[in-house]
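Some notes on the structure that comes next.
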Number of protein chains: 4
Amino acid sequence: MSVKKAGVLGATGSVGQRFILLLSKHPEFEIHALGASSRSAGKKYKDAASWKQTETLPETEQDIVVQECKPEGNFLECDVVFSGLDADVAGDIEKSFVEAGLAVVSNAKNYRREKDVPLVVPIVNPEHIDVVENKVKQAVSKGGKKPGFIICISNCSTAGLVAPLKPLVEKFGPIDALTTTTLQAISGAGFSPGVSGMDILDNIVPYISGEEDKLEWETKKILGGVNAEGTEFVPIPESEMKVSAQCNRVPVIDGHTECISLRFANRPAPSVEDVKQCLREYECAASKLGCHSAPKQTIHVLDQPDRPQPRLDRDRDSGYGVSVGRIREDSLLDFKMVVLSHNTIIGAAGAGILIAEILKAKNII
Amino acid sequence: MSVKKAGVLGATGSVGQRFILLLSKHPEFEIHALGASSRSAGKKYKDAASWKQTETLPETEQDIVVQECKPEGNFLECDVVFSGLDADVAGDIEKSFVEAGLAVVSNAKNYRREKDVPLVVPIVNPEHIDVVENKVKQAVSKGGKKPGFIICISNCSTAGLVAPLKPLVEKFGPIDALTTTTLQAISGAGFSPGVSGMDILDNIVPYISGEEDKLEWETKKILGGVNAEGTEFVPIPESEMKVSAQCNRVPVIDGHTECISLRFANRPAPSVEDVKQCLREYECAASKLGCHSAPKQTIHVLDQPDRPQPRLDRDRDSGYGVSVGRIREDSLLDFKMVVLSHNTIIGAAGAGILIAEILKAKNII
Amino acid sequence: MSVKKAGVLGATGSVGQRFILLLSKHPEFEIHALGASSRSAGKKYKDAASWKQTETLPETEQDIVVQECKPEGNFLECDVVFSGLDADVAGDIEKSFVEAGLAVVSNAKNYRREKDVPLVVPIVNPEHIDVVENKVKQAVSKGGKKPGFIICISNCSTAGLVAPLKPLVEKFGPIDALTTTTLQAISGAGFSPGVSGMDILDNIVPYISGEEDKLEWETKKILGGVNAEGTEFVPIPESEMKVSAQCNRVPVIDGHTECISLRFANRPAPSVEDVKQCLREYECAASKLGCHSAPKQTIHVLDQPDRPQPRLDRDRDSGYGVSVGRIREDSLLDFKMVVLSHNTIIGAAGAGILIAEILKAKNII
Amino acid sequence: MSVKKAGVLGATGSVGQRFILLLSKHPEFEIHALGASSRSAGKKYKDAASWKQTETLPETEQDIVVQECKPEGNFLECDVVFSGLDADVAGDIEKSFVEAGLAVVSNAKNYRREKDVPLVVPIVNPEHIDVVENKVKQAVSKGGKKPGFIICISNCSTAGLVAPLKPLVEKFGPIDALTTTTLQAISGAGFSPGVSGMDILDNIVPYISGEEDKLEWETKKILGGVNAEGTEFVPIPESEMKVSAQCNRVPVIDGHTECISLRFANRPAPSVEDVKQCLREYECAASKLGCHSAPKQTIHVLDQPDRPQPRLDRDRDSGYGVSVGRIREDSLLDFKMVVLSHNTIIGAAGAGILIAEILKAKNII
């Protein structure tokens, strides 16, 4: 099996550390370049980063010398570059990497709304990658150089939300109303400073800046389609799907819980059993492609009344599977249910890795 | 000021301890009888109870000898008896107290659905006590003995929910659709065993047995009316108001947070500013009556984007005030907002005390 | 009762907020000046500070206009100035206030080691204030102006530790060996950023920078004496008392727990009952002086095997009392026990207030 | 590789679930019998147990039919039986299994003090198993049947404590004074009910019934020797080693932290560097035997000042490695350090599995 060279931007941060940890154990990728701020450049990774993961990092990775986040040096030899950069710097840096012909998979929010940039939850809408695939293949077929491109990872709370929606929409038609109240883990906020202990011990914070807006529009892009030319994304219009989100931070390390309710546009609505069966039978495209990290079971439908719970269920399929429980009828919309997803795996760095696996499986990188 | 004699049933339990703590500091009530299981009967309270409150109990109360939960002895001299009994024993015991002519204010769920039993959140629907008042006055006017009666305290998560609804309905007319997703503190589950530490550290539990059902129907009784004869309660019919609840237990000691959204039946709906002003101006009847524990400000409308938070806001007005924040338009219904209430004060024992203050102010006890 | 004018330096920070909250409810002090960084100067307090206390602040205090931390304007009219400044700026600012003739009570560590500066836990060694009193009275008796001075509040974990030691040493003679392992609440670290949620949820941090050293030497100064001239402090020498500390941060909001063991120099050692009685009978000088905030019971000796616990016992005597439990013999030294103190009250701002009450009672301010 | 048949007593409980989870992934053992109370007997395991582990159980194990805890049926075919029974029933049941000729590895405390029963921390004193080995070999050499026996797993907080002591004693001679203050995770208390959420949120409990006594005497047995006949254990006498423990429960799911200090009997004491090197070089006998679960690195010496931390370090070597940090001189004894161990792995079920691996490697089972 060929091994692809990977770079990581923002390597010392919370998301960057996750990319590195996942890559260090990955059979198909090897870390070839690590980028961080000029303060860290030139140092060995172990000296530049305050490693805060629950698994230790192999010595090989610890000794890699960090470079600046510029498209030069080892980065130019990378088959794929993962970006865990903060939004305030991601825009310019990622742009320079794409312009240098590199394939960038980014966790930053900067380019998610761009019409020609795929916003991908790899267990949900990998077909959106086709827009990039087409562009690359066209360029190559014209004898040109393989062009750079960027694929965006979704917001962490969006990933869990859309996972069960996709198979439901495929089988039962459009969802025209959707509410979600989230109970989000603190790891999504990083750790320097992230969420303060004083804010989250014996407390919840009923607000995450910008999060509700992201949840609402990202859902419509991810579940939406592509224009006839296959070049731009066409989100579901507001008039066809109302999404309403309320986001909370709760004292949980990993795992976002969402209490959702939804209504199908078509009547009669399916039964609870129909919904459960649909979710159980869903096999995501990444699994069909045989991707290394793809979940064996994309959606775990749990029948116990008090599940899913973050501590007990977040690691199903190594965090790439999504758990759904308490599927029941709703007196207002059609169904209520509880969705749990691992925010740093399928909701962030892990999603980036699986996107890259798909890119590799499709020979785009 | 006359001081009323108070009894407490279930005195060693979590709710009973709260009743006792509140009564021990109360200028209008003195503890006259404490009832617990036969295992505790005959012991001094300090020897019978494992005191788990954050305030210490005065020695006077510690030395009271506990008796069995039977309408005899000191209980017969009580002006009011507060019940913190578990549902499995509350039914028979409370009935025997009412039959003995006693005024019972109960936190148990057993009689909440009875047509002629008031279900009261004292900052919301004290007028429901009129049904009892009428009954008592009629009996007395006929020369009979003052009859016993029972008034039920609402479920803890209902209390917070209906607090802002009451003034809104009074001013803007009926609410025909309401959703709430709760993030409930663990103190509501008591402490023997209550919620296990293994279930709630780094975790949330997306289920509380029976809670969603209680939230949904209690709301309709509390916001509902009384029949023409003034003898029975008439909940809002399902066809006129849809209520949908999703209940979660979160790692918070005290304070239930609820993310709610609602729709008014009348068009056009009020503005966000109208809603805020209405809530700010609301003064509950208990405050107008000058009750000792009534909140100075019934509803605190908070403008900071990240409030209310349980640790910071639960103690407003000693837990008798309810905080509402993040009032904003909803894309699906009319408004979304976050409601915080202190579950052991306005949601349980504290509500019982304030109900008794109202009974006293109205000369019913 | 005369009311003294108080100023607060570092008013927007964690300690400053505590000073302000305590002063706002205090019958003997009124807030006359609030100082913060130039970024906050000129703003109303409510606009300058992100208020994070569990009690709301009266409007009067909210509307005070913040000034810079310079000995000018309203500060010059203050009878006492409380400093909640961070150590990196406290040194110069506090010095300038003392030089301007002001009485400064500081929570910063900068001047604690100075030979002529009292380091005071007000329920333990208020007699150390005499050194300042003498200096002030001498200056005044010579016809001079009342000189400025500074009194330092101890480190938070020192305060709890020395509270039971003082009466024991007074009664049973010197302690020559002392170990303490602390389990410290996160409020001691402030909130911007303070302890990160990722560091403290489902975790403990076995290290607090500089804390062990402070615990060890502060104990010897506080329990130590004064030179013959009454002008300088003489800590207990290392050769006479070994103190060994291990400090941990734990997921608790307020309340430092310390597992201590100690050995008396004199043989035979007292009995467990002797120790308990000694602690129970201790009445601190501040209580004898009738100071407003002085605890009714300085040390609460708890007999239940599983107490003290931070959540249940930290608020005894409004946080000015210290709880001691599990007093038992130790196989290595003489006794083991568990000490609990409220780190933001007797361990920080609250101690400052009580020190000022003593200053007022002694007519030093 | 031959696969041994394993039974589990107390299979539905907290420790039993851990045994089952570890065995389900183990290449050398297969689960052959599961025993629980008569209430569970006859049911499939998935219906009898409320599975609370963070990993799901394979279907094969879920479908095993639970039997009563009697030495009959499948249990009689087991090569080794792991006991996760509660102490109130473990005594009789385990005795009946031993009498039936079975090899029992028990987590219960009942037989730990027996003179001829090994109390084993498998990374510390596997040589204590020799006493059993001798007994078995003698019986077999005399032509008898292989006799049953029991080996006890140590208390969870003892396991972490003795891990670094063993190599230190081997290299630098006896330790004559030892103190430990523990910060213990709640998983050690099981989950029905275990530690109540109300007791452990925003709190610590400075008491664990019986724990300090266990820590103190178990240490002396584990570090002690065997009599000349090789038949009985001879703990270190009290006069030669003083151990003093203070035990606390803290809000941590897994991982016991201990702040220890110790003194060597021999002078001069080694240096800090000597101690670190000794710990780093230690390779436990189980590792030398090549046991499947034995840690690659028995003791991880961490140099960062704020480590080890339970959430970050408990899973080193899958929980079979022990982490030691903050090794420094002590002003009272010789050295202070912080020890972290995974209480349900090396401190409970995991230790049992590694003991069984040693038994297998030595052909005792």
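Quick note: the coordinates plus some simple rules give every number you see, no bench work behind them. Bear in mind the structure is a predicted one, so any value in this text is a computation, not a measurement. Every residue, glycine among them, receives a Cβ derived from its backbone with ideal geometry; neighbour counts consider all protein chains shown.
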Original post:
How big is the gap, in Å, between the Cα center of segment B:1-51 and the Cα center of segment B:302-345?
Top reply: 32 Å
Subject >> Share of alpha-carbon pairs per 10 Å distance bin for segment C:1-63, given as whole % >> reply: 23, 60, 17, 1
**OP:** Looking at segment A:157-341, send over the antiparallel percent of its DSSP beta bridges, to the nearest 5.
**Re:** 65 percent
Original post:
Roughly what % antiparallel, to the nearest 5, for the DSSP beta bridges in chain B?
Top reply: 40 percent
Original post:
Helix-derived [θ] at 222 nm for the protein assembly as shown: sum -39500 (n - 2.57) over DSSP H runs of at least 4, divide by residue count, nearest 500?
Top reply: -8500 deg cm²/dmol
**OP:** Based solely on C-alpha atoms, express the radius of gyration and the Dmax of chain D in angstrom.
**Re:** 19.9, 63
Subject >> segment B:1-105 - Rg (one decimal) and Dmax (whole number), Cα, Å >> reply: 12.5, 37
**OP:** Return the aspartates and glutamates within reach of A:Lys171: Cα separation strictly under 15 angstrom, same-chain partners fewer than 8 residues apart disregarded; answer none if there are no such residues.
**Re:** A:Glu273, A:Asp274, A:Glu281, A:Glu283
Original post:
Name the GluC sites (Glu not before Pro) in segment C:102-162 that are in a loop by DSSP and that have at most 14 other C-beta atoms within 10 Å, would you?
Top reply: C:Glu114
**OP:** Find the centroid of the Cα atoms in segment B:238-291 and in segment A:123-180, then give the distance between the two in whole Å.
**Re:** 39 Å
Subject >> Positive-end residue of D:Gly197, D:Val136, D:Val105, charge dipole of segment D:86-228 with Cβ unit charges >> reply: D:Val136
Original post:
aspartates and glutamates near B:Lys43 by alpha-carbon distance under 14 Å, same-chain residues fewer than 8 away left out - which ones?
Top reply: B:Glu61, B:Asp63, B:Glu68
Subject >> Percentage, to the nearest whole number, of Cα pairs in segment B:140-209 over 18 Å apart >> reply: 62 percent
Original post:
At B:Glu170, label 7 Å along Cα→Cβ: distances to the other copies, nm, ascending?
Top reply: 5.4, 5.7, 7.8
**OP:** Pairs to check: A:Lys115/A:Lys220; A:Lys135/A:Lys296; A:Lys109/A:Lys137; B:Lys25/B:Lys166; B:Lys135/B:Lys296; C:Lys166/C:Lys214. Give those whose C-alpha atoms are more than 21 Å from each other in this structure.
**Re:** A:Lys135/A:Lys296; A:Lys109/A:Lys137; B:Lys25/B:Lys166; B:Lys135/B:Lys296
Subject >> Check: segment D:157-341 dipole with +1 on Lys, Arg Cβ and -1 on Asp, Glu Cβ, in debye >> reply: 360 debye
Original post:
Taking segment C:47-180 on its own, what percent of its Cα-Cα pair distances exceed 26 Å?
Top reply: 38 percent
Original post:
Taking N as the number of residues in segment D:157-341, what value does Rg over Cα atoms divided by 2.2 N^0.38 Å take?
Top reply: 1.04
Original post:
Shortest first, in nm, what separates the label point of A:Glu114 from those of the same position in the other copies (7 Å along Cα→Cβ)?
Top reply: 6.0, 6.9, 7.2
Subject >> Inter-copy label distances at D:Ala265 (7 Å, Cα→Cβ; nm, one decimal) >> reply: 3.1, 8.4, 8.8
Original post:
For the rotation that brings chain D onto chain A, whose beta-carbon in chain D is nearest the axis, and what is that distance in whole angstrom?
Top reply: D:Asp202, 2
Original post:
What share of the DSSP beta bridges in the protein assembly as shown is antiparallel, in percent to the nearest 5?
Top reply: 45 percent
**OP:** Convert 25 °C to kelvin, take the viscosity as 0.890 mPa s, use the Kirkwood radius over C-alpha pairs of segment D:236-365 as Rh, and evaluate the Stokes-Einstein diffusion coefficient in µm²/s, rounded to a whole number.
**Re:** 152 µm²/s
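As an exercise, use a Förster radius of 30 Å and the Cβ-Cβ distance of B:Gln277 and B:Asp130 to find the FRET efficiency, rounded to the nearest 0.05.
Efficiency, from the Cβ-Cβ distance: 0.55.
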**OP:** Within the set of other residues whose C-beta is less than 14 Å from the C-beta of D:Thr158, count the net charge using Lys and Arg as +1 and Asp and Glu as -1.
**Re:** +1
**OP:** Give the span of the protein assembly as shown's Cα atoms along each principal axis, as three whole-Å numbers ordered largest to smallest.
**Re:** 86, 84, 70
Original post:
All other residues with a Cβ under 13 Å from the Cβ of B:Gln67 taken together, and with Lys, Arg as +1 and Asp, Glu as -1, what is their net charge?
Top reply: +1
